[in-house]
Amino acid sequence: MSGLRVCAGRRGVGGAASNRFGERPDDAIDIAMVLYPTDLASFLELIRQNGDAAYSFVFAFASSHSLLLTLFAGYAAFSGVFSLGSLIAVCWVGSFCGDVIRFWIGRRFGTQLFGRFPRLERAVRVAARLADRHHVWMILFHRYPHGLRGVAGFAYGISRLPWSTFLALNFVAAGLWSCAVVAAGYAFGQVSEKLMNDASSGLGIVMLVAFLGLSWLLSRKLERVAAAELKR
């Protein structure tokens with residue numbers, strides 16, 4: 001009899017669970033939306049729930065001077081996902097450390113590391129010659145043009161630029177870059193809020209994409225200017 005009661009109890013528990021799931025079939029959809037957000041508000045909430053991992057992710061991309069992601073992080077800071085001060089600090093340190101590592105690699109291995117990539121090796125060599133002539137302006141602005149920011153750190157290491165000069169200028173430049181880009185994303189959030197009441201609306205997504213696209217076009221324009229200067 002006790003065995004029958006246990007089995008009946010188990011069936012009752014299973015039946016209750018099935019009934020509960022049957023009464024709320026949207027639970028599975030809600031879980032899927034949390035794991036795979038389909039709108040901007042859900043995506044921002046997902047970032048908020050994973051704060052430490054999100055900051056680590058931003059740090060990694062800031063080390064590569066990712067302009068678009070840092071702009072979006074500034075927008076997310078306005079939405080309350082990140083602390084503005086903490087975000088600027090993370091981007092500052094990430095950007096600084098990324099170029100320090102690339103400088104060390106360039107100083108340690110020279111152009112031998114790029115022997116298998118002739119076009120990349122040529123770009124690094126030309127950037128190194130440019131750094132020898134205009135290292136202050138190069139370090140201050142190389143984070144913005146898309147093509148230049150990927151090779152500049154290596155070029156500084158290959159150039160005759162001393163460690164002390166590079167570290168000082170790079171620290172200042174990383175701070176200016178992080179403040180400017182994060183502030184631009186934050187300002188976009190302020191402007192967009194005046195034009196819409198719901199951050200997850202279609203208008204908000206369109207405006208965000210347009211803003212990031214415009215930033216990318218500006219980055220490409222700066223890249224062409226830098227390329228023209230490199231050819232002189």
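Exactly one residue among Phe171, Phe114, Phe103, Phe141 is within 30 Å of Ser192 (Cα to Cα) and assigned by TED's automatic domain parsing to the domain that holds Val58, and that residue is Phe141. Residue pairs whose Cβ atoms lie under 8 Å apart, separated by 6 or more positions or on different chains, with the first residue in the range 91-118 and outside any helix (DSSP H, G or I) and the second surrounded by fewer than 15 Cβ atoms within 10 Å (Cβ to Cβ), do not occur.
Is there a residue being over 20 Å from Val172 (Cβ atoms), touching a Leu at 6+ places or on another chain (Cβ under 7 Å) and part of a loop (DSSP other than H, G, I, E, B) anywhere in the range 55-73? The answer is no, given that none of the residues of the range 55-73 is over 20 Å from Val172 (Cβ atoms), touching a Leu at 6+ places or on another chain (Cβ under 7 Å) and part of a loop (DSSP other than H, G, I, E, B). All of (1) in a helix (DSSP H, G or I); (2) in contact with a helix residue (DSSP H, G or I) (Cβ under 6 Å, 6 or more places away or on another chain) hold for Phe82 with one exception: (1).
The values are calculated or read from the model by the stated rules, or taken from the named source; none is laboratory data. All values reported here derive from a predicted model rather than from experimental measurement. Glycine gets a Cβ as well: all are built from the backbone with ideal geometry, and neighbour counts include every protein chain shown.
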